[in-house]
Amino acid sequence: MQLSQIDASLLIPLHVLIQEQSVSRAAKRLGLSPSATSHTLSRLREALGDPLLVRSGRKLVLTPRAEELRAVVQRTVEGLEQVFLARQEFTPETLRRTF
């Protein structure tokens, strides 16, 4: 698989699903319906070739692969936050330009 074939929009749902270990709680955080979140989980399972979350009694638990991905996904999301959310406040005193 090539990078251009990867749907990067799945990263945030993957991150939230790993954190929550619940489709319904992840759906609330993502602002999606449980059905849409379940569909996203199916797409993630197909893309990664792993079930990621499996039922254990009445709850979902992470597979070993999902556990391996946890730290990498966390760092990647933090990197995205730095790129897209971190903005430097404009302070005219620090500006060193001549107009």
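So if the hydrodynamic radius of the chain is defined as the Kirkwood radius over C-alpha pairs, what does Stokes-Einstein give as its diffusion coefficient at 20 °C and 1.002 mPa s, in µm² per second?
After rounding, the answer is 139 µm²/s.
Skipping prolines and chain starts, which residues have an amide H placed within reach, meaning under 5 Å, of the one on residue 53, given they are 5 or more residues away or on another chain?
Distant-sequence amide H within range of residue 53: 63.
Scan the chain and note any complete DSSP helix (H) whose C-alpha atoms cover at least 27 Å along its axis and whose Kyte-Doolittle average is -0.5 or more. Walk me through the intermediate numbers first.
Values: long enough: 64-84 (30 Å, -0.30).
Counting only whole DSSP H runs, the qualifying helices are 64-84.
State in Å² the accessible area per residue of the chain; use a 1.4 Å probe, count heavy atoms of protein chains only, and round to the nearest integer. Intermediate values should be presented prior to the final figure.
On the way: 7590 Å² over 99 residues.
With all protein chains present, the chain gives 77 Å² per residue.
Over the chain, calculate the relative contact order: mean separation of alpha carbon pairs under 8 Å at least 6 apart, over the residue count, as a percent.
Numbers: 65 pairs, mean separation 23.1, N = 99.
23 percent.
Given the rule -39500 (n - 2.57) for each run of at least 4 DSSP H residues, summed and divided by the residues of the chain, what is its mean residue ellipticity at 222 nm, to the nearest 500 deg cm²/dmol? Numbers along the way, then the final one.
Details: 4 runs with 54 residues, N = 99.
Estimated from H runs of four or more residues: -17500 deg cm²/dmol.
Tell me the carbon and sulfur percent of the accessible area for the chain, rounded to whole percent, probe radius 1.4 Å. Intermediate values should be presented prior to the final figure.
On the way: 4020 of 7590 Å².
Reported share for carbon and sulfur atoms: 53 percent.
What is the extension gain from residue 56 to residue 12, computed as 0.36 nm multiplied by their sequence separation minus the C-alpha to C-alpha distance, in nm to one decimal? Let's see the in-between values first.
On the way: separation 44, 0.36 × 44 = 15.84 nm, distance 2.40 nm.
Additional length available on full extension: 13.4 nm.
Label point 7 Å out from residue 63 along Cα-to-Cβ: which residues of the range 1-32 have amide N under 15 Å?
Flagged as within label range: 14, 18.
Counting only residues 5 or more places away or on other chains, whose amide H sits under 5 Å from the amide H of residue 22 once H atoms are built in the peptide plane?
For residue 22, whose amide H was placed from the backbone, there are no distant partners under 5 Å.
Pop the C-beta distance of residue 48 and residue 24 into the FRET formula with R0 = 25 Å and round what comes out to the nearest 0.05.
Numbers: r = 21 Å, r/R0 = 0.85.
Given R0 = 25 Å and the Cβ-Cβ separation, E is 0.70.
Based on Cα positions only, what radius of gyration and what Dmax would you give for the range 9-57, in angstroms?
That works out to 9.8, 30 Å for Rg and Dmax.
The values are calculated or read from the model by the stated rules, or taken from the named source; none is laboratory data. This one's a predicted model, so the numbers in the text were calculated from it and none came from an experiment. When we count neighbours, we look across all protein chains shown, and the Cβ atoms used for this are built from the backbone with ideal geometry, even at glycine. To get the accessible areas, we keep the full protein, side chains included, count just its heavy atoms, and leave off ligands, DNA and RNA. Shrake-Rupley method; radii C 1.70, N 1.55, O 1.52, S 1.80 Å.
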